[in-house]
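Okay, so here's the structure we're looking at.
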Amino acid sequence: MKKDLILIVGASGTVGSEITKALKLQGYQVRVTTSKSVNANDKDTVHINLATGEGIKAALDGVDRAFFLSPPGYADQYRLLSPLIQEAKRKGLKKVVLMTAMGANAVETSPFRRAELELEKSGINYNIIRPNWFLQNFNTFWIQGIKEQRKILLPAGKAKVSFIDARDIAAVASTLLTSDNLNNRAFDLTGPEAVDHEQVAKAISQVTNKNISYQEIEPDVLRSGLLAAGLPADYSDFLLMILSFLKEGYNASVNENVKFILGREPKNLAQYAHDFKQSWL
Ligand SMILES: NC(=O)c1ccc[n+]([C@@H]2O[C@H](COP(=O)([O-])OP(=O)(O)OC[C@H]3O[C@@H](n4cnc5c(N)ncnc54)[C@H](OP(=O)(O)O)[C@@H]3O)[C@@H](O)[C@H]2O)c1
């Protein structure tokens, strides 16, 4: 029997690339999206731009199941996700897995929550996954400070965070995309332990033999850095807002959802630091 065609939005990204790899290994037909230009010979990649809505209708043509995310850089995630959800509903998809973020459901009117509610009410079978802060931020967003100043520079205080490895988020998303056993449920996803940024710095120091430390900075200092790096002001403010929640301890709780869905423990900080050592050398 022909396996379902699965659309992955954000397929070149940290989570989407791992989902794509996993599904292809299982023999699924996978269609991936990019906002960049597409080579005419590449029949498995389609162009979409969620900021403008361009390409969404064609991307969902003939698709059975889909993974949706809102790319970083946009503070109004509802504006980007709603047209995808509406089109999935029009086309009668068998299932949508939507990734938002841990805490997204704290305020019913937040853009991420509005997208979740739209999917929940759409009549499409769905799962919502709400991951905590990714471990992979230390080899992507925060890498410059680590490599150039040997410092993790964040307004995070001494708060503990149950960071999750993005490879586990992708494994969960792939499992939920290809099974209907847990339909119509939302899952907060955390790692197996809550650690502070000093412990992250120690773990990176250990695998790299470099002296990496954590230094707390004022939110305004980070804001200037984000703006200088080209992030829009509203998205920079969104990041500072969620970092203030982190500092207050809202991202410390650990749950068993990854183990419940995958039947194995999530990866921990030591495993992540070991596997991504090359990034910081
Ligand atoms: N990082 C964290 O700690 C964390 C924690 C919880 C939740 N999240 C959520 O995770 C999501 C990000 O996931 P990720 O880190 O896997 O993403 P990512 O690595 O930043 O990749 C973003 C993806 O979006 C695509 N993209 C960029 N602009 C686009 C546009 N205008 N239209 C369509 N696609 C576009 C990119 O591909 P092209 O460049 O090829 O278009 C890329 O594949 C966000 O919604 C964030 O809120 C992140």
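Remark: spin-label model distance Lys210-Lys36 equals 2.5 nm, labels positioned 7 Å along the Cα→Cβ axis. Summing charges over all other residues whose Cβ lies under 13 Å from the Cβ of Leu227, with Lys and Arg as +1 and Asp and Glu as -1, gives -2.
Entry note, the range 1-137: relative contact order of 20 percent, from Cα contacts under 8 Å with a spacing of 6+ residues.
Counting alpha carbon pairs within less than 8 Å and at least 6 residues apart, what relative contact order, in whole percent, applies to the range 164-260? So the answer I get is 40 percent.
Once the chain from Ala106 to Lys89 is taken as fully extended at 0.36 nm per residue, the excess over their C-alpha distance is 3.6 nm.
Database remark: amide H of Trp133 closer than 5 angstrom to the amide H of Ile164 (H placed geometrically; neighbours at sequence offset of 5 or more, or on other chains; Pro and chain starts carry no H). Taking 15 Å as the cut-off, the amide N atoms of the range 124-142 that come nearer than this to a point 7 Å along the Cα-to-beta-carbon line of Asn184 belong to 124-128. In this structure, the amide hydrogen of Val46, modeled 1.01 Å from its nitrogen in the peptide plane, lies closer than 5 angstrom to those of Val32, Thr33, Thr34, counting only residues at least 5 positions away or on a different chain.
Among the listed pairs Lys3/Lys95; Lys36/Lys91; Lys57/Lys91; Lys3/Lys43, those whose Cα-Cα separation exceeds 20 Å are Lys36/Lys91. Residue separation of Ala228 and Asp61 scaled by 0.36 nm, minus their Cα-Cα distance, works out to 56.2 nm of gained length.
Taking 2.2 N^0.38 Å as the expected size of a compact globular protein, what ratio does the Cα radius of gyration of the chain give against it, to two decimals?
Details: Rg = 18.8 Å, N = 281, 2.2 N^0.38 = 18.7 Å.
Dividing the Cα radius of gyration by 2.2 N^0.38 Å gives 1.00.
Once Lys and Arg get +1 and Asp and Glu get -1 on their Cβ, which of Gly225, His197, Ala66 lies farthest toward the positive end of the dipole of the chain? Highest projection toward the positive end goes to Ala66. The HN-Hα couplings worked out from phi for the range 3-13 by the Karplus form 6.51 cos²θ - 1.76 cosθ + 1.60 (θ = phi - 60°) are 7, 4, 8, 10, 9, 10, 8, x, 6, 8, x Hz, whole numbers, x standing for Gly and Pro.
Taking a span of 15 Å or more along the helix axis (Cα atoms) and a mean Kyte-Doolittle hydropathy of at least -1.0 as the rule, the DSSP H helices of the chain that qualify are 14-25, 77-91, 166-177, 197-208, 233-247.
Computed from the coordinates by the stated procedures, all read-outs in this text should not be read as laboratory data. As the structure is a computational prediction, the values presented were derived from the model and not from experiment. Backbone-built Cβ (ideal geometry, glycine too); neighbour counts: all protein chains shown.
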